[in-house]
Amino acid sequence: MAKTDIARSHRNNSEESDYPELQRRYGGEYVARRGEDVLANAKSYADLSRDLDEASMDLEDVVIEYVEPPGLVSAY
Amino acid sequence: MPIEFLLSRKLTPFGLVSDPRIPVTVYTHGGVRTYRFLVGTGADFSLAPRRLAEEVGLEWDDLHEGNVVGIERQGTAARLGRLQIRIGTIDLAIRCLFVDGPRVPFILGRADFLDRFVLIVDTPGDRIILEDVGSS
């Protein structure tokens with residue numbers, strides 16, 4: 001395998017580093033966050049997306065995701 | 001050249017488990033957005049909420065209807081569309097099932113995605129590695 005392209009990697013992002021804490025606070029919701037800062041959250045993706053549109057937020061470096069509830073086991 | 005991502009962990013009632021999610025760029029009407037998709041090797045096709053289909057310009061009524069089943073086997077209605085995405089610097093179109101319902105996760109399934117990449121989930125090394133092998 002060729003050498004990993006570290007320059008294009010995401011290993012320096014802190015966004016994945018504290019997912020359990022995100023689960024405790026926002027489990028079962030959709031969030032938009034920049035690094036560890038949650039900018040918006042909603043029960044549905046449609047609501048979250050609408051909120052982001054209405055806020056005319058700069059979405060550069062913002063990551064949107066569904067947060068798994070900590071009390072569930074997934075079998076996708 | 002391989003692309004590397006940090007492998008996170010998630011909480012379950014039975015302890016922490018690896019949680020292979022990677023950032024995926026999607027070109028929506030509202031601009032470029034980045035989503036964290038679960039790399040779901042058990043999923044036949046990718047999955048996303050209905051709203052995303054509308055945001056990329058797909059007409060809901062024109063999409064092919066289908067049914068997606070999980071462990072409960074009862075199934076959920078879904079519609080199949082093509083989603084243009086970017087992973088790292090690589091653009092590709094994937095077939096994606098869009099579901100109109102609550103708590104729909106963003107999942108990268110095998111179809112089209114794993115036709116394009118070799119996937120390594122290196123749990124001891126806390127990393128996910130994708131190697132582009134091109135389209136077949």
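Computed from the coordinates by the stated procedures, all read-outs in this text should not be read as laboratory data. The shown structure was predicted, so the numbers you read here are calculated from the model rather than taken from an experiment. Note: ideal-geometry Cβ built from the backbone for every residue, glycine included; neighbour counts use all protein chains shown.
Sorting the Cα pairs of chain B by distance into bins of 5 Å, from 0 upward, gives 2, 9, 19, 23, 19, 15, 9, 3, 0, 0 percent per bin.
How would the protein assembly as shown be classified by its alpha-carbon gyration tensor: rounded, prolate or oblate, with rounded meaning a/c under 1.5 and the a/b versus b/c comparison settling the rest?
Values: a/c = 1.22, a/b = 1.11, b/c = 1.10.
Verdict is rounded for the protein assembly as shown.
Rounded to whole Å, the principal axis extents of the Cα atoms in the range B:1-62 read 41, 31, 21, largest first. When peptides B:102-113, B:84-95 are sorted by average Cβ neighbour count within 10 Å, with the highest value leading, the order is B:102-113, B:84-95. Short-range pairs are left out: with C-alpha atoms under 8 Å and at least six residues apart, the relative contact order of the range B:16-93 is 27 percent.
Adding -39500 (n - 2.57) for every DSSP H run of four residues or longer, then dividing by how many residues the protein assembly as shown holds, sets the calculated 222 nm ellipticity at -3000 deg cm²/dmol.
Determine the shape class of the range B:30-96: with a ≥ b ≥ c the square roots of the Cα gyration tensor eigenvalues, call it rounded for a/c under 1.5, and otherwise prolate if a/b is greater than b/c, oblate otherwise. It comes out oblate by the Cα gyration axes.
Classify the range A:15-66 from the C-alpha gyration tensor, please: rounded if a/c falls under 1.5, else prolate or oblate depending on whether a/b exceeds b/c. Judged from the Cα gyration tensor, the range A:15-66 comes out oblate (a/c at least 1.5, b/c at or above a/b).
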